[in-house]
Amino acid sequence: MLATISFHVGHEARQAHNRRDLNVVRNEKHIDLSRLHANIIDIDEAEAYEQLFGAAQDEYNAKQKRKDRRIDDYHATIREPYDAIIAAQRAAKKFNEDNKEAIKSGEIAPEKVPEIPRTMKKPLYETIIGLYYKAPRIDDNGNQVIDPRTGAPIYDSVPTPSDIARRIILEFLNGFIERNKHLYVIGAYLHDDERGEAPHIHINWVPFADGYTRGLSRQVALDRALRQQGI
């Protein structure tokens, strides 16, 4: 069987959507909640930050003689600046969409969509893995369709059968956790409930690194986390 994997990594994650919070997904027509969706790992982001960085924050604050240098909430120091830029991006995109005709005619200038600085620490990352297999395209006579230009058989990507996909996805999740000691998995959500979509998993994770001499001794850091894993 020929197979293909859809693999995405980004730094925007919707945990409420992933865990199928009814207040969020009840109006999402492509989701059939009667089908399988499983929250394999589900740790609140703020709680995860306390688990990861609480001791380092306390240690850092204990050394500060000035109160204004103490960090009351490390999670907030990472999350709030990131959310501010995301909100500004959405506002600019909405303005440009709402005024696209006036912008096109030159009556008004478009809003510039701010970029997330490359050096900004991202509070959370998400990996999404979907599984498909290549099914031979069959014509009306029951024969596999051949590409007339190349002479090669034509295949179509279709969702992998659920039982096979779930087994592969869970095996991948276990391996992901085992391999990535500095990518703390706070969410793992198996979805086989989206119409027309392949079974897939959302893995939410926080990268962390140790050994800092300025600020907290443990901090959010993707590059350094990977280096400390030997990558």
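The values are calculated or read from the model by the stated rules, or taken from the named source; none is laboratory data. As the structure is a prediction and not an experimental result, all values here were calculated from the model. We place every Cβ from the backbone using ideal geometry, glycine too, and count neighbours over all the protein chains shown. For accessibility, only protein heavy atoms count, side chains too; no ligands or nucleic acids. Shrake-Rupley method; radii C 1.70, N 1.55, O 1.52, S 1.80 Å.
The table for this structure:
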| read-out | value |
| --- | --- |
| Checklist (1) outside any loop (DSSP other than H, G, I, E, B); (2) open to solvent by less than 40 Å² (accessible area, probe 1.4 Å) applied to K122, failing item | (1) |
| Yes/no for H17 being assigned to a helix (DSSP H, G or I), open to solvent by less than 80 Å² (accessible area, probe 1.4 Å), touching a residue at least 24 places away in the same chain (Cβ under 8 Å) and not hydroxyl-bearing (S, T, Y) | no |
| Criterion violated by I41 - all others in (1) at pLDDT below 95; (2) closer than 14 Å to I201 by Cα satisfied | (1) |
| Residue that is over 21 Å from Y132 (Cβ atoms), of a type outside the set (S, T, Y) and in contact (Cβ under 8 Å) with a residue 40 or more places away in the chain, where the choices are N180, N174 | N180 |
| Count of residues meeting criterion [among the acidic types (D, E) and in contact (Cβ under 8 Å) with a residue 40 or more places away in the chain] in the range 104-153 | 1 |
| Residues located in the range 100-128, provided they are of a type in the set (S, T, N, Q) and under 23 Å from L222 (Cβ atoms) | T119, T127 |
| Filtered residue count, the range 191-220, keeping only those that are surrounded by fewer than 20 Cβ atoms within 10 Å (Cβ to Cβ) and either assigned to a strand (DSSP E or B) or under 16 Å from the mean Cα position of the chain (by Cα) (or both) | 3 |
| Residue match in the range 174-182 (condition: under 30 Å from R70 (Cβ atoms) and either assigned to a loop (DSSP other than H, G, I, E, B) or out of contact with any His (no Cβ under 7 Å at 6 or more places or on another chain) (or both)) | yes |
| Odd one out for F95, checked against (1) assigned to a loop (DSSP other than H, G, I, E, B); (2) over 29 Å from R195 (Cα atoms) | (1) |
| Positions within the range 144-179 being modelled with pLDDT of 90 or more, over 30 Å from N39 (Cβ atoms) and surrounded by 11 or more Cβ atoms within 10 Å (Cβ to Cβ), in sequence order | Q144, V145, I146 |
| Which numbered condition Y82 misses (of (1) in a helix (DSSP H, G or I); (2) of a type outside the set (S, T, N, Q); (3) farther than 12 Å from H11 by Cβ) | (3) |
| Filtered residue count, the range 181-190, keeping only those that are open to solvent by less than 60 Å² (accessible area, probe 1.4 Å) and over 16 Å from the mean Cα position of the chain (by Cα) | 1 |
| The range 100-118: number of residues that are open to solvent by 70 Å² or more (accessible area, probe 1.4 Å) and either touching a helix residue (DSSP H, G or I) at 6+ places or on another chain (Cβ under 6 Å) or at pLDDT below 90 (or both) | 3 |
| Positions within the range 24-47 being small (G, A, S) and more than 25 Å from R166 (Cβ to Cβ), in sequence order | A46 |
| Inter-residue pairs, beta-carbon under 8 Å, first free of Cβ contacts under 8 Å to residues at least 24 places away in the same chain and in the range 59-77, second in a helix (DSSP H, G or I) and open to solvent by less than 70 Å² (accessible area, probe 1.4 Å), 6+ apart | R70/Y60; R70/N61 |
| Qualifying residue in the range 139-153 (condition: assigned to a loop (DSSP other than H, G, I, E, B), within 24 Å of I201 (Cα to Cα) and not charged (D, E, K, R)) | no |
